[in-house]
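S.K.: Can you read through this structure? Questions will come right after.
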Amino acid sequence: MLAKRINFGAEEPGDPAAKIWGRFPARKVALVPAPVGLQPSKYIQGKWRDGQFGATSALGLQAVHDGTELAIRLEWECEQPVATVIDNDQFADAAALLFPLSESASLIMGAGGEPVSIWFWRADRPKVAHNNVAVGIGTSRLTSSPLISTRAEHTHGRWALVFRRALAADATAAAEVAPFDPGKAYRVALAVWRGANAERAGLKAFSPEWVELTLEA
Amino acid sequence: MDATEQAARIGRDIDGQIVKPKRQLAMVFDLNKCLGCHTCSIACKTQWTREEGMEGMWWNVVNTLPGEGTPKGWEAMGGGFEPDGRQRPSRIPGKEEFGDAWQFNQKEVLFDGTATHLEPKNFKGEKPSWGPNWDEDQGAGEYPNSHFFYFPRLCNHCTHPACLEACPRGAIYKREQDGIVLIDDQKCKGYRFCMEACPYKRIYYNHVKLVSQKCIFCFPRIDEGVAPACARQCPGRLRFVGYLDDESGPIHKLVHQWKVALPLHEEFGTQPNVFYVPPLSPPRVTATGKPDPSKPRIPLEYLQSLFGPRVEESLGILEAEKAKKARGEPSELMDILIVYRWPDHVFPDLTKDPATL
């Protein structure tokens, strides 16, 4: 899909309800439950073997940029939103974007020597996504940069969420942060967690195929 | 396999074999000496769980049994392993079940004069329905056969920890040198599968740091030759600490030689390393008011439900050795349990005074 190049000035793309998002059709991305067999503990495999998780079947993906900043909007159905956690058995809704940091990185959390960068948003800390680097299942590690700001809204049984990040990445952080250049094509994978179903870690719905994302020159 | 990979295997079931540490530290509690003073819990609280997010944590807790315990009804929550090695599904105990740190309306009562009585509120702002020791001293049975005993609990630092096996991030590990089970809070992402899998429900969630936390067996003290705070502060001198393989130490003697110290709920399958000398009790009193020496006040079936079928034998050994001592004959077992010399006889390898460090 194409991330159109627009002038952010008056458009406020950081607002998931901004008019700009109505101007471009959303790409529907199919999601499937993460395989039980890939869950990295026998406890999780045993308890969730019936696969009652990852029921979010699709999300809408949109993206725009202005030459210096990228904004990516996700929208998905969530009838029972969880945005605050006060008890031990509560988990917040979450969503993530995964970008490969090397040509052959696996979209299933990367692999040794083939890292991926993950922008992870959680509804109980709504204004910022954390950048994580992973080199395999169970290895994600928080990095100190870059800043990924987020804004989310839950209306009519749906989450709408916008991630914003500077296109350029600090050269010293190349091992952890995906850089973006206008005119080039990238790949992204997506995941959604339903907090009301105690989904966390590998208990999620994810896109089993890369989605190509081209930044308009 | 490098040293890090080797260390990560300790405590795991690898091809049907549990990988064991070089040595295993363990505790034995003599329940006949526990007076329910909670000095152990307070020693732990002041040492480790005073920070924000830890208010409701009692890594060590002393419950009254028979009772619901902490968290409420934990014995029926599941977790641990089936006999065939599969992990038993369970759930995460809630804050109210653990017993939250309540807030009180001190300002309204003491300063504003808008209320006359202090009233607790839980984390939901509601009147609490449970606390960390809600059924203290309640026990069971009807007078004159009412009974209870005090029961200290903490992380069992299991040989096959269900928490360690459940964590999807490998954030929980068992120390090679002494088998202490620790959660690496740099690796923990607060997913709480450990809280589900632990059948003893001795893991808490820190809602400020967003990580799971539990008893650390006072490992920084162990590393300096100092006993864990709960054990050193115990006025009853009932918390023995030492290495299971030290044949001259009280742990080995009580667990393996005299076989009087038993694990709690061995059927949970995690091979706990905290053991209990079961409580003896006076005889039941019959309807006509006569003591019946054939029946202990604390029903044997109840103790079997906690400590398994070996509890009868353990109680028999304790009775026999007690009788020997009463007749003026020597009894090594009674001498161990009496703890004539503190601290040498209760945690012989960990006698250093922390004030001297």
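S.K.: Along the positive direction of the dipole of chain B (beta-carbon charges: Lys, Arg +1; Asp, Glu -1; about the Cα centre), which of B:64, B:252, B:49 reaches farthest?
M.R.: B:49
S.K.: Less than 26 Å apart at the alpha-carbon level, and either on another chain or at least 8 residues along: which lysines does that give for residue B:322?
M.R.: Once the sequence-local lysines are set aside, what remains near residue B:322 is B:33, B:253, B:259, B:290, B:295.
S.K.: Using amide H atoms built 1.01 Å from N in the peptide plane, name the residues 5+ places from residue A:5, or on other chains, whose amide H lies under 5 Å from its own.
M.R.: Residues meeting the amide H criterion: A:65, A:216.
S.K.: Next up: Please give the contour-minus-distance gain from residue B:86 to residue B:32: 0.36 nm per residue of separation, less the Cα-Cα distance, rounded to one decimal in nm.
M.R.: 15.9 nm
S.K.: Here is a follow-up. So for B:59, A:210, A:21, fewest C-beta neighbours within 10 Å to most, what's the order?
M.R.: Going from sparsest to densest Cβ surroundings: A:210, A:21, B:59.
S.K.: Could I ask something else about it? Run the numbers on segment A:43-170 and let me know its relative contact order in percent, using alpha-carbon pairs under 8 Å that are six or more apart.
M.R.: Once divided by the residue count of segment A:43-170, the mean separation gives 23 percent.
S.K.: Still on this structure, I have one more. Could you list B:352, B:189, A:127 so that the one with the fewest beta carbons within 10 Å of its beta carbon is first and the one with the most is last?
M.R.: Taking fewest neighbouring Cβ atoms as first place, the list is A:127, B:352, B:189.
S.K.: Under 1.5 on a/c is rounded, so check that first for segment A:24-114, then, if it is not, pick prolate when a/b is larger than b/c and oblate when it is not; a ≥ b ≥ c are the square roots of the alpha carbon gyration tensor eigenvalues.
M.R.: In terms of gyration-tensor shape, oblate.
S.K.: Please arrange B:191, B:150 by counting, for each residue, the other beta carbons lying within 10 Å of its beta carbon, fewest first.
M.R.: With the sparsest Cβ surroundings first, the list reads B:150, B:191.
S.K.: Testing the spin-label approximation: label points 7 Å from Cα along Cα→Cβ at residue A:83 and residue A:49. State their distance in nm.
M.R.: It is 3.9 nm.
S.K.: Once you order the gyration tensor axes a ≥ b ≥ c over the Cα atoms, which shape class does segment B:115-205 get: rounded for a/c under 1.5, otherwise prolate or oblate by comparing a/b with b/c?
M.R.: oblate
S.K.: For the pair residue B:356/residue B:313, report the inter-label distance in nm, with labels modelled 7 Å from Cα in the Cβ direction.
M.R.: 4.0
S.K.: Is it possible to state the helix-based mean residue ellipticity at 222 nm for the protein assembly as shown, with each DSSP H run of 4+ residues giving -39500 (n - 2.57), the sum divided by total residues, to the nearest 500 deg cm²/dmol? What is it?
M.R.: Taking each H run of at least 4 residues, the total per residue is -3500 deg cm²/dmol.
S.K.: Relative contact order for chain B: what percent, with Cα pairs under 8 Å and sequence separation of 6 or more?
M.R.: Worked out over chain B, it gives 22 percent.
S.K.: In addition: Return the sequence-ordered ³J(HN,Hα) values of segment A:4-17 in whole Hz as given by the Karplus equation 6.51 cos²θ - 1.76 cosθ + 1.60 applied to θ = phi - 60°, using x for Gly and Pro.
M.R.: Whole-Hz 3J(HN,Hα) from phi for segment A:4-17: 5, 8, 9, 8, 5, x, 9, 8, 6, x, x, 8, x, 9.
S.K.: If you don't mind, another one. Per-residue HN-Hα couplings for segment B:128-143, Karplus 6.51 cos²θ - 1.76 cosθ + 1.60 at θ = phi - 60°, whole Hz, x for Gly and Pro?
M.R.: In residue order, the calculated couplings are x, 10, 7, x, x, 9, 4, 9, 4, 6, 7, x, 8, x, 10, 3 Hz.
S.K.: Still on this structure, please answer the following. Within segment B:1-30, find all residues whose amide N lies under 13 Å from a label point positioned 7 Å from the Cα of residue B:349 along Cα-to-beta-carbon.
M.R.: B:21-27
S.K.: State, as an integer percentage, the relative contact order of segment B:221-357 based on alpha-carbon contacts under 8 Å between residues 6 or more apart.
M.R.: With pairs under 8 Å counted, the relative contact order is 30 percent.
S.K.: Hey, with R₀ at 41 Å, roughly what FRET efficiency would residue B:266 and residue B:143 work out to, going by the Cβ-Cβ distance, to 0.05?
M.R.: Step by step, r from the Cβ atoms, then E = 0.80.
S.K.: Step through the residues of segment B:119-125 one at a time and calculate ³J(HN,Hα) from phi using the Karplus curve (6.51 cos²θ - 1.76 cosθ + 1.60, θ = phi - 60°), rounding each to whole Hz and writing x for Gly and Pro.
M.R.: 10, x, 10, 8, 5, 8, x
Every read-out reported here was derived from the displayed coordinates using simple, explicitly stated rules and does not represent laboratory data. As the structure is a prediction and not an experimental result, all values here were calculated from the model. Quick reminder, even Gly has a Cβ in these numbers, built from the backbone with ideal geometry, and neighbours come from all protein chains shown.
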